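Report on the following structure.
The values are calculated or read from the model by the stated rules, or taken from the named source; none is laboratory data. Quantities reported herein were computed from a predicted structural model and do not represent experimental measurements. A quick note on method: Cβ atoms are made from the backbone with ideal geometry, for glycine too, and the neighbour counts reach across all protein chains shown.
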Amino acid sequence: MNAALPTSDATDPAIARSALPDGGKRTAAEVSAAHFDQLLSQLQYLDPASIAQVTEAWRYADMAHTGQWRSSGDPYITHPIAVTGICANWKLDAPALMAALLHDSMEDCGITKDDLTERFGEAVAELVDGLTKLDKLQFNTREENQAESFRKMLLAMARDVRVILIKLADRTHNMRTMGDMPRSKWGRISSETLEIYAPIAHRLGLNQTYRELQDLAFRHLHPWRYDTLDKAIAKSRARRRDLVQRVQGEIDSAFARMGIHARLMGRESTLYSLYQKMIRHNLTFAQVTDIYGFRIVVPTVIDCYTALGVLHQLYKPVPSKFKDHIAIAKNNGYQSLHTTLVGPSGVSVEFQIRTEQMHIVAEAGVAAHWLYKAQAGEDAHLNTKWLQSLLDIQNENSDATEFWDHVKVDLFPDSIYVFTPKSKILAMPRGATVVDFAYAIHSNIGNHVTAALVNGEYVALRTELKSGDVVEVITSDDATPNPAWLGFVKTGRARSKIRHHLKNTAQSESVELGEKLLNQSLRQAGIATTPDGSEANQALWDEVLRKTGSRSRAELMADIGMGRRISSLVASHILAQLSNHGQRPDALLLTQSRFTAKEDKLSQGTVVLDSPSTASIRYAPCCRPVPGDPIVGYLGHGDGLVVHHAGCANAKRLQAKDAERFIAVEWGEESQQHLFESGIVVTIKNSKGVLARVAGELSALNVDIRHVDMDDEAAMETTDLRFIISVHNLDQLDSALRNLRRIPTVVRAVRIFPQD
């Protein structure tokens, strides 16, 4: 059964009246019918059955909003009808138009999703439900809540783009009628429109909506600035009317001589874009030259290039102001030729040349899908990979703030176009690097990239790409993402994939380390092995997890490995459960463990170090231990295992107040195959070429210099050089220091340690 349609104690709509242009009055029902009759005139692209469905949705929405009024004094139903009219301009299908009419019915009128499903079908109900959820989003100043709102909106858009199209139409009509709202709301709604809805409209290629939203938001956010610019534009328009007419006449004549059938339209920059240009480049209005332009719409792609040739013969082109977005379309499907020419009186004029279909896509973007179906009987080929990538990023990032960090870069694209060795074109944000390119091809290539050639030359992975670059990626099965990549990648996809891989790696390493530490604690308590996760031990683990507050055995092990939980305390919980089941500690093992702990710290529970820093094990930057050093391990609070030199002053202070977090660690046999960083300070006598001599000595010993810093005291007799170097072991480090001390101009060369 449908829910009873709501009634209101407000004035009876049969009695309530809206003003007519001639000063008369008409009922709310008459106002609703008049507005819907105007909408029907826009629906001729639909078949009669679809029009009947839309009409039924209007009647239902009209009854649902009975007694509800807008701030303007009009019946509320006029708003859904206006929103539907905007959607009809995009030639959206009948379910989308029905959802636009009903988009406020669930939230404001007490109608349920089941009611809509029964009356209009599941497709319409799903769209209305998606819109209702978007309406409930609150964009406040708290970053996490705002990010969560963005996440829900973008995911709704990725699942069905009609949801966000209707939402954009809703926001557009609200902005058009904002003058009827309390002025106290203007700032918040306008800022939200500029920061959220306008960028999404731009990203979807809805350029007409994008421009309108920007100008309406600008008008209500900065009324005085808007009016000032509007008056300046009006004066400029009057002054240049003759110039525009002359240019139009000359172009029409030139095209007629060449037999090109073209539609010429004047184009004026929006007030907001002019304002932004003035702010960005610190210009006055008089210094902004590219206010006017023309759009030329021709029948075919060949005509576009022919028209370009005619224009370049007619006026002189401005160097570096030509862009071919036909051969290389923008990410949102936009295609046009752009050229700027020096017209009469030396005034620069921009021209955009495109076909009719390109013009539809340029103005309607993603919505052109329905326009083409209606007009050309075929789907438009639009680049919607970005929409699909939202779902991929969401699958790898449950954190809302992190999700927003990934996608906000792609909402404001300033694209470059690069090529694969097989001449495939990839559009990427400006500033994208080789690593971004690798992930754009495939996540597996990004995860294993080791080097790259740009235009045939080897470059660093952090190299920023430029339009026209040919990029070849070199991979290795042994290579993995480096956390340092997060410092320079630009695309949300690359950032998401890197973080996802690092999280998985950290989780795996932390679980492994946690199991080893727990096993060590249990052995010291007389239990030979950690109970496995079999069904026989399920009750034991359920109780342990309940006491520790962990959701799973793997999570508990990861927490131990990251130092969030102390293994000895978890071991005590397990020991208590084993005792409840009659299992007692092994007296012999208990004695052996105690003896081993006293006599030989390298017991079975010792963590063996075979590689440089990983996600769960890192080397303290204060003392930078290398293989051969005596070392201790400290389980930081959520930092994983931090390895210190045994003589490190910081480690001694930690040990004095947090001894239970220190565990036995030792160097593994394979550790010396890797490079480890160490800090040294070299005091030199100031003389010509001494720095080169020191660097050369280190290089001769195959010691890599990672960083060098020096005192800014050139007038002093001596200077300290502080190096971060990479060595395989303590012997190599000692050898390097001995060789440096033999240099006549070197006063001393010592290793850096934190002081007590």
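On the basis of being assigned by TED's automatic domain parsing to the domain that holds Asn89 and on the phi < 0 side of the Ramachandran plot, does Arg237 make the cut?
In short, no.
Here are the criteria: (1) under 21 Å from Asn504 (Cα atoms); (2) surrounded by fewer than 15 Cβ atoms within 10 Å (Cβ to Cβ); (3) modelled with pLDDT of 75 or more. Tell me which single one Ile617 does not satisfy.
For Ile617, the exception is condition (2).
Select from region 620-640 the residues that are at pLDDT 80 or above, in a loop (DSSP other than H, G, I, E, B) and not aliphatic (A, V, I, L, M) and list them in ascending order.
Within region 620-640, Pro621, Cys622, Cys623, Arg624, Pro625, Pro627, Gly628, Asp629, Pro630 meet the criteria.
Quick check, is His644 modelled with pLDDT of 90 or more and not charged (D, E, K, R)? Steps first, answer last, please.
Working: modelled with pLDDT of 90 or more: yes; not charged (D, E, K, R): yes.
It is true that His644 is modelled with pLDDT of 90 or more and not charged (D, E, K, R).
Does any residue in region 570-590 that is assigned by TED's automatic domain parsing to the domain that holds Ile527 and within 18 Å of Glu543 (Cα to Cα) come within less than 6 Å, Cβ to Cβ, of a residue that is part of a loop (DSSP other than H, G, I, E, B) and modelled with pLDDT under 75 six or more places away or on a different chain, and which pairs are these?
Listed by first residue and then by second, the contacts come to Ala571/Ala525; Leu575/Ala525.
What's the total number of residues in region 232-260 that are free of Cβ contacts under 8 Å to residues at least 40 places away in the same chain and not basic (Lys, Arg)?
Residues in region 232-260 being free of Cβ contacts under 8 Å to residues at least 40 places away in the same chain and not basic (Lys, Arg): 9 in total.
Which one of these is over 30 Å from Leu569 (Cβ atoms) and surrounded by 14 or more Cβ atoms within 10 Å (Cβ to Cβ): Leu737, Leu654?
It is Leu737.
Checking Glu669 against (1) at pLDDT 85 or above; (2) loosely packed, with under 15 Cβ neighbours inside 10 Å: exactly one of these is not met. Which one?
(1)
Here's a check for you: in region 335-349, which residue that is crowded, with 20+ Cβ neighbours inside 10 Å and touching a residue at least 60 places away in the same chain (Cβ under 8 Å) is farthest from Leu204 (Cα to Cα)?
Within region 335-349, the match that is farthest from Leu204 (Cα to Cα) is Gly343.
Quick test of your reading of the structure: Cys109 fulfils all but one of (1) surrounded by 16 or more Cβ atoms within 10 Å (Cβ to Cβ); (2) at positive phi. Name the failing condition by number.
Failing condition for Cys109: (2).
Do the conditions hold for Ile631, that is, is it crowded, with 19+ Cβ neighbours inside 10 Å and in contact with a strand residue (DSSP E or B) (Cβ under 7 Å, 6 or more places away or on another chain)? First the steps, then the outcome.
On the way: crowded, with 19+ Cβ neighbours inside 10 Å: yes; in contact with a strand residue (DSSP E or B) (Cβ under 7 Å, 6 or more places away or on another chain): yes.
When the stated conditions are applied, Ile631 passes them.
Residue-by-condition table, conditions (1) outside the structural domain of Gln313 (by TED's automatic domain parsing); (2) in contact with a helix residue (DSSP H, G or I) (Cβ under 9 Å, 6 or more places away or on another chain); (3) not small (Gly, Ala, Ser):
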position	(1), (2), (3)
Asp180	yes, no, yes
Ile189	yes, yes, yes
Leu204	yes, yes, yes
Leu213	yes, yes, yes
Leu216	yes, yes, yes
Leu243	no, yes, yes
Ala256	no, no, no
Gly259	no, no, no
Leu271	no, yes, yes
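Could we say that Gly640 is over 23 Å from Ala736 (Cβ atoms), touching a helix residue (DSSP H, G or I) at 6+ places or on another chain (Cβ under 7 Å) and small (Gly, Ala, Ser) here? First the steps, then the outcome.
Values: over 23 Å from Ala736 (Cβ atoms): yes; touching a helix residue (DSSP H, G or I) at 6+ places or on another chain (Cβ under 7 Å): yes; small (Gly, Ala, Ser): yes.
In short, yes.
So that you can scan it fast, the table gives a plain yes or no per residue for (1) farther than 30 Å from Tyr439 by Cβ; (2) part of a helix (DSSP H, G or I); (3) acidic (Asp, Glu); (4) modelled with pLDDT under 75:
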position: Asn504; (1), (2), (3), (4): no, yes, no, yes
position: Ala528; (1), (2), (3), (4): yes, no, no, yes
position: Leu588; (1), (2), (3), (4): yes, yes, no, yes
position: Thr596; (1), (2), (3), (4): yes, yes, no, yes
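What single numbered condition from (1) under 13 Å from Lys490 (Cα atoms); (2) at pLDDT below 85 fails to hold for Val418?
Condition (1) is where Val418 drops out.
Every residue in region 157-191 that is surrounded by fewer than 22 Cβ atoms within 10 Å (Cβ to Cβ), modelled with pLDDT under 80 and assigned to a helix (DSSP H, G or I), please.
Scanning region 157-191 gives Ala158, Arg159, Val161.
Within region 306-334, which residues are on the phi > 0 side of the Ramachandran plot and surrounded by 20 or more Cβ atoms within 10 Å (Cβ to Cβ)?
Answer for region 306-334, where residues must be on the phi > 0 side of the Ramachandran plot and surrounded by 20 or more Cβ atoms within 10 Å (Cβ to Cβ): just Gly333.
So in region 672-682, with the set limited to residues that are surrounded by 15 or more Cβ atoms within 10 Å (Cβ to Cβ) and modelled with pLDDT of 85 or more, which one is nearest to Arg748 (Cα to Cα)?
The selected residue is Val682.
Of the conditions (1) crowded, with 17+ Cβ neighbours inside 10 Å; (2) aromatic (Phe, Trp, Tyr); (3) more than 25 Å from the chain's Cα centre (by Cα), Tyr458 satisfies every one except a single condition; which number is it?
Here Tyr458 clears every test but (1).
Suppose we filter Lys422, Lys490 for residues that are in a loop (DSSP other than H, G, I, E, B), of a type outside the set (Ser, Thr, Tyr) and touching a residue at least 60 places away in the same chain (Cβ under 8 Å); which single one remains?
Only one candidate passes the filter, namely Lys490.
Would you confirm whether any residue within region 63-83 is part of a helix (DSSP H, G or I), assigned by TED's automatic domain parsing to the domain that holds Val161, farther than 24 Å from Thr209 by Cβ and touching a residue at least 24 places away in the same chain (Cβ under 8 Å)?
Yes; the residues of region 63-83 include at least one that is part of a helix (DSSP H, G or I), assigned by TED's automatic domain parsing to the domain that holds Val161, farther than 24 Å from Thr209 by Cβ and touching a residue at least 24 places away in the same chain (Cβ under 8 Å).
For residues in region 312-339 being modelled with pLDDT of 90 or more and among the polar types (S, T, N, Q), which is farthest from Val301 (Cα to Cα)?
If we take residues in region 312-339 being modelled with pLDDT of 90 or more and among the polar types (S, T, N, Q), then Gln313 is farthest from Val301 (Cα to Cα).
Cβ-Cβ under 9 Å, sequence separation 6+ or interchain: first residue in region 298-318 and under 13 Å from His338 (Cβ atoms) and in the same structural domain as Ser348 (by TED's automatic domain parsing), partner of a type outside the set (Val, Ile, Thr) and part of a helix (DSSP H, G or I). Which pairs?
Hits for this filter: Cys304/Met358; Ala307/Phe255; Ala307/Met258; Leu311/Ala254; Pro317/Leu311.
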